[in-house]
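Scroll down for the structure; my scribbles are underneath it.
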Amino acid sequence: MTLRTSPPPPRATSYASFTSYVQARRPVLLRTARSLTNDPGDAEDLLQTVLARIYLHWDRIADHRALDGYVRRALVNTRTSQWRRRRVDELPSDTLPEPRDMAAGTGPVDPAEHQALRDALWRAVLRLPDRQRAIVVLRYYEDLSEAGTAELLGVSVGTVKSSLSRALVKLRKDPELHGVK
C-alpha cells in the first residue's frame with residue numbers, strides 16, 4: 001500500500017503576502033469573475049477556485065507585480081474548462097423584458113432609468129455565447145486592447161475582431177435593447 005503525502009504548507013510569510021494581496025484586489029478580481037459568468041454565486045466559486053490554486057503555487061510565482069494578469073488568465077482558463085464540461089449556453093427566463101417608452105433621440109433622464117438601461121445591457125451581454133461574452137468583457141469592461149485580449153484568450157487578433165463584430169451585431173439586434181440609442 002502506497003501512502004500519498006500532501007505537499008508541505010506554504011510558509012507564514014507567504015500566507016501573509018497572499019492574504020494581503022487577496023484583501024486588496026478581491027473586489028476587482030470578483031468583478032472580473034462576475035463578468036465571465038451568468039451567476040454571482042458561480043463568480044464567487046470561480047474566484048475561490050482560482051485563488052486556492054494560486055495559493056498552492058504562491059511561492060513559485062516569481063514576479064508578484066504581474067499578479068493581476070496571472071490571476072485574470074487563471075480565471076479565463078478555469079472558466080473555459082468549466083464551459084467545456086457543462087456546455088450550457090442559454091438560460092431560460094420566466095420574465096419577459098418590458099418595452100421602454102423613450103422619446104426619439106433622448107436617453108434616460110433619471111438615475112433609475114439609467115440603471116435600468118445598464119441592467120438591460122448587462123443582461124444582453126450575459127446572453128452572448130461564452131467566447132463572445134469574454135471578448136466583450138475584456139475589451140470594454142476591462143479595457144484591454146484587441147492584442148491584449150487575443151493574448152489573454154490565446155486566440156488571434158482576427159478572432160477577437162470577428163467575434164467582437166458578431167457580438168455587437170447580436171447586441172444591436174437584442175429585443176430588450178431595441179429602440180435604445
Given the conditions (1) part of a helix (DSSP H, G or I); (2) closer than 29 Å to Leu51 by Cα; (3) open to solvent by 30 Å² or more (accessible area, probe 1.4 Å); (4) modelled with pLDDT of 90 or more, and given that Val137 satisfies all but one, which numbered condition is not satisfied?
(3)
Look through the stretch 140-154, keep the residues that are assigned to a helix (DSSP H, G or I) and within 19 Å of Leu30 (Cα to Cα), and return whichever of them is modelled with the lowest pLDDT.
Tyr141
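The values are calculated or read from the model by the stated rules, or taken from the named source; none is laboratory data. Just so we're clear, the structure is a prediction, and the values are computed from it rather than from any experiment. Only protein heavy atoms, including side chains, enter the accessible area calculation; ligands, DNA and RNA are left aside. Shrake-Rupley method; radii C 1.70, N 1.55, O 1.52, S 1.80 Å.
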